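For reference, the structure discussed in these notes is given below.
Quick note: the coordinates plus some simple rules give every number you see, no bench work behind them. Everything numeric in this text was worked out from a predicted model, so none of it was measured. Reconstructed Cβ throughout: ideal geometry from the backbone, glycine too, with neighbour counts over all protein chains shown.
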Amino acid sequence: MRKLYLIALTGLAFAMSHNAFAEIVNVTNSADGATRDSAIAAVKEKLTAACKDRGGTPDAKSFELDGEQKSSNPDVPKPFHVDARMKCDLPQS
């Protein structure tokens, strides 16, 4: 009877730790845009697509801008450049 409890407890512990095999990674990318908002929207789209391509779930709340620049040249069609990162929850492999 003691082995039955031990087996049940082991099975329960394994079932509860199933989520521990998932991995959370930071995905980084950059984008250019005609306006600051369009550059941010473009980089969010790239980060979301990169996460989904890996079979993960993007965490939109974790989106962070790492840097932004604006070109001083007026002839540049997309003068805003942003770098950003977002967390991506990858399933177990």
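Taking the Cβ of ASP83 as the centre, find all other residues whose Cβ is under 14 Å away and add up their charges (Lys, Arg: +1; Asp, Glu: -1). Don't skip to the answer; put the middle values down first.
Working: positive: ARG36, LYS44, LYS46, LYS70, ARG85; negative: ASP32, GLU64, ASP66, GLU68.
Local net charge: +1.
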Discussion item. Between ASN26 and ASP75, how high is the FRET efficiency from 1/(1 + (r/R0)^6) when r is the Cβ-Cβ distance and R₀ = 41 Å? Nearest 0.05.
Written reply: 0.75
Worksheet entry | Phi-based couplings in Hz for the stretch 81-87 (Karplus 6.51, -1.76, 1.60; Gly and Pro marked x) | 10, 10, 10, 8, 9, 8, 7
Response to the item:
Straight-line reach check, LYS44, cutoff 21 Å on alpha carbons, 8 or more apart in-chain or any other chain, hits among lysines -> LYS52, LYS61, LYS70, LYS78, LYS87
